[in-house]
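Just so you know, all these numbers are worked out from the coordinates, no wet-lab data involved. Quick caveat, the model's predicted, so the values are computed rather than measured. For neighbour counting, all protein chains shown are included, and Cβ atoms are generated from backbone atoms with ideal geometry for every residue, glycine included.
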Amino acid sequence: MQDLHTKRTFNLILSLYFCIYFCLSTIAVNIDNLIATFGDIAQFGIGIVIICNLLAGTISMLLFGYYTEYLSKRLTRKRLFMITNLFWIIPYGLIGFSPNYGTFLTLIIIGALGNGAFLPIGFLIIGDLYKSEERGNKFGFMQFGLILGNGIGAILGGVLGWRLNFAVGSVIGLLALLGYLYFGEEPNQEFIDSEEKDNYQYKITYQDLVQLVKTKTVLGILLFVLCSGIAVAVLSNWAIFHLTLQLNSKSHAIFIYLIAGLGALPGAIMGGQLGDIFSKKLKVGRVYVSVVGMILGTLLLITFYSFPFILFGMFGYFFVFFSAGNRFAICSDLVIPKLKSTVNALNGIMINIGGIIGNVLISSLIHNNIGLISLSITLVIIIWLAGSVFWIFPYLYYDKERVSQEIVAINVPTIQI
């Protein structure tokens, strides 16, 4: 019975995560419709919406990452999780009734404050529900929910339009939250020992940050993630609009973009497998796999967004995601258990910061000339490629820092009798 309740709780959390990205993908496929509806905002206003969404989500992630334990003691994690989810379900349900741009932007910001809390609270609950050897599989399923939500949300968003699609995602999210209210399991805090709880805290303290930055390999990877965030956030929000202008067909653009994006899934898996193989032969094998994948992938993506041949896109996304599994594997070798979730949180924050930078850049370029969208897409992919230079840190320091970490791990103090 315990296993059934746990599985049901996880599935409901996964459903809520799916709904968040179902709603967020609506903007990407309706930029033209939003511009037509709110004519006074022009192109720059959409960029402000995306920037505010990322900024509010980052602030929320930091705040709830720090105060989740304190708030959980007062409300319980289940209640806190439900309250924060209402903060995106209700605004997203009301967005369809937005009479003007100001109302639309305000509801997006409120919703971002709610969904930004999902990572520190929702992932912490999952960490509490499952043993350490089961968590990797569950967190992997959460990423699948993110990708599936983006895909289905984009398809329906192109058909239903932004007003109705936000409403659909909100209603499904509300049903999932009601299911969580009646069937969701409250983690048994007495069952979770203090070491396990520390492993899945998403609190970022100054001391933890200093300790991570001193690890040069981790610093290099986080700087690379910042550059990738600039490109990924821009592509995820503007690529369909760009392809629509090129192909003169939104449905065709959505189809090509989604099929091309599917290349990321096998790319992340195979990249990790190649990293495992080459790391046994070369001390920096994961670095070589990641950098080669980035060079091949970004060159193919530049070609794809200039000449939308679907195989260029699929193989482009396939290669650029070689680094995904390898960078997490490298960090797990170098970071003490207590800081592993902190690295995960920083990874999300760096992606969001990169997204803010990227969308400020593209909004500035296309503000007076929408024709510069092609140049903007190419520019952010070049920034993504240039970010590969930060892999020089893992190349130079990974083996040394890994050996040092292994020495620390086995150097356990003993009591002399």
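Here are the numbers:
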item: Filter on K216/K280; K7/K73; K7/K250; K7/K280; K216/K281 - keep pairs with C-alpha separation over 27 Å; result: K7/K250; K7/K280
item: Size of charge dipole - segment 1-87 - debye, nearest 20, with Cβ of Lys, Arg +1 and Asp, Glu -1, no other charges; result: 640
item: Neighbour-count ranking [beta-carbon atoms within 10 angstrom, fewest first] of V218, V389, V335, V232; result: V389, V232, V335, V218
item: Cβ crowding within 10 Å averaged over residues, with 163-170, 48-55 ranked highest first; result: 163-170, 48-55
item: Relative packing of peptides 113-120, 83-90 - highest average C-beta neighbours within 10 Å first; result: 113-120, 83-90
item: Ranked list, fewest to most other Cβ atoms within 10 Å of each Cβ, for K400, K138; result: K400, K138
item: Among V29, Y17, T68 the positive-end extreme of the charge dipole of the chain (Cβ point charges); result: V29
item: Three-way shape label, segment 204-408, alpha-carbon gyration tensor, a/c 1.5; result: prolate
item: Rough spin-label spacing in nm, given labels placed 7 Å along Cα→Cβ, for I269 and L247; result: 2.5
item: The chain: DSSP helices with Cα axial extent of at least 27 Å and average Kyte-Doolittle hydropathy no lower than 1.0; result: 42-75, 162-183, 216-247, 285-306, 337-366
item: Check: the chain dipole with +1 on Lys, Arg Cβ and -1 on Asp, Glu Cβ, in debye; result: 200
item: Signed unit charges on C-beta, dipole axis of segment 204-408, positive-most listed residue F224, L375, G285; result: G285
item: Stretchable slack from S364 to L63, in nm (0.36 nm times residue separation minus alpha-carbon distance); result: 105.4 nm
item: Calculated [θ] (222 nm, deg cm²/dmol) that DSSP helices of n ≥ 4 give over the chain, each run adding -39,500 (n - 2.57); result: -28500 deg cm²/dmol
item: Length added when fully stretched, I259-Y206, from 0.36 nm per residue minus Cα-Cα; result: 14.9 nm
item: Ordering of 222-228, 347-353, 143-149 by packing [mean C-beta count within 10 Å, highest first]; result: 222-228, 347-353, 143-149
item: Contact order relative to length of the chain, as percent, for alpha carbon pairs under 8 angstrom and 6 or more apart; result: 24
